[in-house]
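Step one of this worksheet: look at the structure below.
The values are calculated or read from the model by the stated rules, or taken from the named source; none is laboratory data. Here the structure is a predicted model, which means the values were calculated and not measured. Positions of Cβ are backbone-derived with ideal geometry, glycine not excepted, and every protein chain shown enters the neighbour counts. These area figures cover heavy atoms from the full protein model, side chains too; ligands, DNA and RNA do not enter into them. Shrake-Rupley method; radii C 1.70, N 1.55, O 1.52, S 1.80 Å.
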Amino acid sequence: MNPTKKLLIIGFVWPEPNSSAAGGRMMQLISIFKENNFEITFASPALDSDFMVDLSAFGVEKKAIELNNSSFDDFVIELNPDVVLFDRFMIEEQFGWRVSEKCPKAIRLLDTEDLHCLRTARQKAFKENRTFEFTDLLSEEVAKREIASILRCDLSLIISEFEMKILNDVFKIDSKLLFYLPFLVEEMSESDLLNLPLFEEREHFVFIGNFLHEPNWNTVQHLKETIWPLIRNEFPEAVLEVYGAYPSQKVLQLHQPKNGLFIKGRAADANEIVKKARVVLAPIRFGAGLKGKLLEAMQCGTPSVTTEVGAEAMHANLPWNGFISNDIEHFAKQAIALYQDEKLWKESQKNGIAIINKCYQKKGFGAALIDEVSTLMTDSENHRLHNFMGSLLQHHTLKSTKYMAKWIEAKNKN
């Protein structure tokens, strides 16, 4: 790869890998492009946070940008990137038309993180106490925006094979516009387990997740109200520690030490917390994408109990590193069994390593992504010629986004 290639990443937020799986995912992408000699600039309209990563430590230039402001145009013309990566469809809506207009030759990538329309539709079905159907997606306002964004880009990075299938089968998206890219981690061997705390050195159940993410808050409510009482009834000494960034007052009020439920707030080092726990509990009822907390559990040698939504698209056809159950009583029984049975626990731990090595290999997926991007850079004209729906959307919908932004910019000057 030519060392002068430039990548501009436009972030929805500054990466916080210790706060969310999305932050970890972004750092994995940065790592792949850095290893392939891209000069990277990370720009975002978000405010700085106390927990954002120091991008300069990774050789990445940081740039603050503004929404609805033509100063971005000057910035992107001067930078003249070869590739632009939009972090989630909302960022592509805001800046895609500017990139397309000012740097028409730049390859436009979209990292969806997860399908927002799937998460939204599932959440809506859950709140209406009914089963989610694929047809729910077709009436979602978010789906119309998200699919338009995917069509406008040259390539979208999709984290879940289940979501690839939805995009192909439900929305009829051309496969050439999609690239399957799960979480990417280093290979593990069974000998790596020897460096992790042993069964008898671990204690407590744990849940960990960013509370700005609605499915995590719902999961903790579900644990507290239904599953945890069942576990405590059978196993009175059990302790559940709940960690997560940005806990609201609602979350903190669930703290009940007398019932073995401890709300701990932000984890200084999530990895260390999960390594010391014996079992991860994640009874997730709605959501999308892949669950970073469950992959992290596997890396830490910590078995988990989750739901079908939690484990969705995460383990191919391999046995889970613990149990998958949607039934609350079965969930509670399996959690206790996993906590108390060392043989079962060790078998589950080894299942996690098998899943990591089959499904999340950074080396193979990273090389394939760079190959795909390189091909696009040499053949973008032909690629775009065959994406008629994308060019149609560039022609029409981006005009509305563009003039709305210009109207807001003019209004802000008055």
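When you check LEU110 against the structure, is it assigned to a helix (DSSP H, G or I), more than 30 Å from GLU342 (Cα to Cα) and of a type in the set (A, V, I, L, M), yes or no?
Answer is no for this residue.
Count, please, the residues in region 142-179 that happen to be within 20 Å of VAL83 (Cβ to Cβ), hydrophobic (A, V, I, L, M, F, W, C) and out of contact with any Cys (no Cβ under 9 Å at 6 or more places or on another chain).
Total satisfying the criteria: 9.
Which helices (runs of 4 or more DSSP H) does region 137-223 wholly contain that include 1 or more residues that are open to solvent by 30 Å² or more (accessible area, probe 1.4 Å), without any contact (Cβ under 8 Å) to a residue 24 or more places away in the chain and in contact with a helix residue (DSSP H, G or I) (Cβ under 7 Å, 6 or more places away or on another chain)?
161-169
Which residues, counting only those in region 309-331, are closer than 19 Å to GLN349 by Cα and more than 15 Å from the chain's Cα centre (by Cα)?
Matches in region 309-331: HIS315, ALA316, ASN317, LEU318, PRO319, TRP320, ASN321, GLY322, PHE323, ILE324, SER325, PHE331.
Contact list please: Cβ distance under 7 Å, first residue in region 340-365 and more than 16 Å from THR302 (Cβ to Cβ) and in contact (Cβ under 8 Å) with a residue 40 or more places away in the chain, second residue polar (S, T, N, Q) and open to solvent by 70 Å² or more (accessible area, probe 1.4 Å), pairs at least six apart or on different chains.
Filtered contacts from region 340-365: no entries.
Can we say VAL76 is of a type in the set (Val, Ile, Thr), touching a residue at least 60 places away in the same chain (Cβ under 8 Å) and out of contact with any Pro (no Cβ under 8 Å at 6 or more places or on another chain)?
It is true that VAL76 is of a type in the set (Val, Ile, Thr), touching a residue at least 60 places away in the same chain (Cβ under 8 Å) and out of contact with any Pro (no Cβ under 8 Å at 6 or more places or on another chain).
For region 242-262, give me the residue count where each residue is open to solvent by less than 20 Å² (accessible area, probe 1.4 Å), under 16 Å from LEU223 (Cβ atoms) and of a type in the set (A, V, I, L, M).
Looking only at that region, the number is 3.
Checking LEU376 against (1) in contact with an Asp or Glu (Cβ under 6 Å, 6 or more places away or on another chain); (2) open to solvent by 20 Å² or more (accessible area, probe 1.4 Å): exactly one of these is not met. Which one?
(2)
Only residues that are touching a Gly at 6+ places or on another chain (Cβ under 9 Å) and open to solvent by 40 Å² or more (accessible area, probe 1.4 Å): list them for region 100-122, please.
Listed by number, the list holds a single entry, ARG119.
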